[in-house]
Amino acid sequence: MSGTRNSGLVLVILFMSVIVNAQTLDGGIPRLQSQGNATQLIVDGKPFLMLAGETGNSSASDLKYLDSVWPKIVKMNLNTLLVPVYWELIEPEEGRFDFALVDGAIKGARKHNIKLVFLWFGTWKNSMSCYVPLWVKTNQERFPRARDAQGRALEILTPFNDENLKADAKVFTALMKHIRKIDAVHHTVVLVQVENEIGMIPDARDHSKEAEKFFDTSVPTELLGYLQKHKESLTPELKKAWGNNGFKTSGTWEEVFSKGLQTDELFMAWYFARYIDAVAAAGKKEYPLPMFVNAALIRPGYKPGQYPSAGPLPHLFDVWKAGAPAIDFLSPDIYFKNFAEWSTRYDRPGNPLFIPEAQNIQSMANAFFAIGQLNAIGYSPFSIESLDHPENNDVSRAYDVLKQLTPLINANQGKGTMA
């Protein structure tokens, strides 16, 4: 009898454990939630304002180096660190995953009471495919590149190939599954950025054979349907491009939007967005953390092809929203002096403002503007560990004030009571 009772007790304990874990997964996952006209990041059931910083591009490739970063960011009053995750390092051989760097980053963050935003350096990083594994780089027949107008291969994987997409989606899914396995209860990882500063350069669009086939076919009905549904609220640039040819509701890209660099960029934006959406959606099936993409902004006077074109830029906002519903918001990396202008262009209904990269020197007044005026969910100077005097610099002083104000900020965002 006692053995039966003990077995029953074990089953009850296991059953309750499953219920608790299920409740944690259902209700405790970091998420986005509206408050008034603002959107907040909710972590462990409470608003979480990210006083963040991003490491240098290679900083997370060495856990010993990363160990030296934690004390610095604690002294600078950060509560969140943006950390790259590198495809080439977590899948050095196809199908063999090594999550040691991911585990080490999470362990270090927990030890120092820091939240993480993982940056997926997958198919694209700053336009290029420089962080894909060697087995992808050396097999261009299976994993083809984008090509310029002269037919020359670029160091950019084409988004018009299923093998490229399947490989990225597979490893990203494995990453999200692993994060869920080790972090579903602790919620150390609060956001994920999918790829990094996507864009075509030095041409405005991909001229590979695969891309040309898509360019010469009809504009997808999903995009045209979105344009018709949101005609009155489209960005001025997109509405003008569509209107120049009479707001056509069918036809090829050049028939609908006319011929030119602007149409080339619209075309690429749609297919970049569809690719990213597929990767993000695959990852969310394993662990649906909020996900975003970031944009490298345009220098004055530059034309498509002279900057990383077709990324999640303000004039392409509607294309990205239509093409990537699995992405929760679009974010700008702002290194220009006209911070208010750029950040305001990303402050749109349904798109919470987050600045994942910003100048790390003498720019902290921008954090107050973004959070106080535009209800930003966070702010993040780049290469945060490179700053001297972490206990007494612009970042530490600004974040000290914002940390003290955080309860008031969280309570008043979106209510028109903060300026």
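Observations on the structure shown:
- Shape call, the stretch 41-101: gyration tensor on alpha carbons, a/c limit 1.5: oblate
- Taking a ≥ b ≥ c as the square roots of the eigenvalues of the Cα gyration tensor, the stretch 120-273 is classed as oblate, since a/c reaches at least 1.5 and a/b does not exceed b/c.
- Distant-in-sequence amide contacts of M418, defined by a placed amide H-H separation under 5 Å and a gap of 5 or more residues or a different chain, comprise nothing.
- Summing +1 for each Lys or Arg and -1 for each Asp or Glu among the other residues whose beta-carbon sits under 12 angstrom from that of V194 gives -3.
- For D162, D400, order by how many other beta-carbon atoms lie within 10 Å, fewest first: D162, D400
- Counting only DSSP beta bridges whose two residues both lie in the chain, roughly 30 percent are antiparallel.
- Anisotropy class of the stretch 293-383 from Cα gyration tensor, a/c 1.5 cut: oblate
- Pairs spanning more than 30 Å between alpha-carbon atoms, out of K125/K213; K170/K248; K240/K285: K170/K248; K240/K285.
- Summary of packing: across the peptides 337-344, 94-101, 73-80, the per-residue average of other C-beta atoms within 10 Å ranks them, highest first, as 73-80, 337-344, 94-101.
- T252 long-range amide H proximity, modeled H, under 5 Å: V219
- The Cα center of the stretch 275-311 and the Cα center of the stretch 220-263 differ in position by 20 Å.
- Which of I182, I409 has the fewest Cβ neighbours within 10 Å, and the rest in rising order: I182, I409
- Spatial offset of the stretch 25-71 relative to the stretch 382-419 amounts to 14 Å, using the alpha carbon center of each.
- Placing one equal scatterer on every Cα of the chain and applying the Debye formula, the log10 ratio I(q)/I(0) at q = 0.10, 0.11, 0.14 Å⁻¹ is -0.70, -0.84, -1.31.
- Of all DSSP beta bridges confined to the stretch 219-360, the antiparallel ones make up roughly 10%.
Every read-out reported here was derived from the displayed coordinates using simple, explicitly stated rules and does not represent laboratory data. Remember, it's a predicted structure, so these values are computed and weren't measured experimentally. Because the Cβ atoms are built from the backbone with ideal geometry, glycine has one as well, and the counts that use them run over all protein chains shown.
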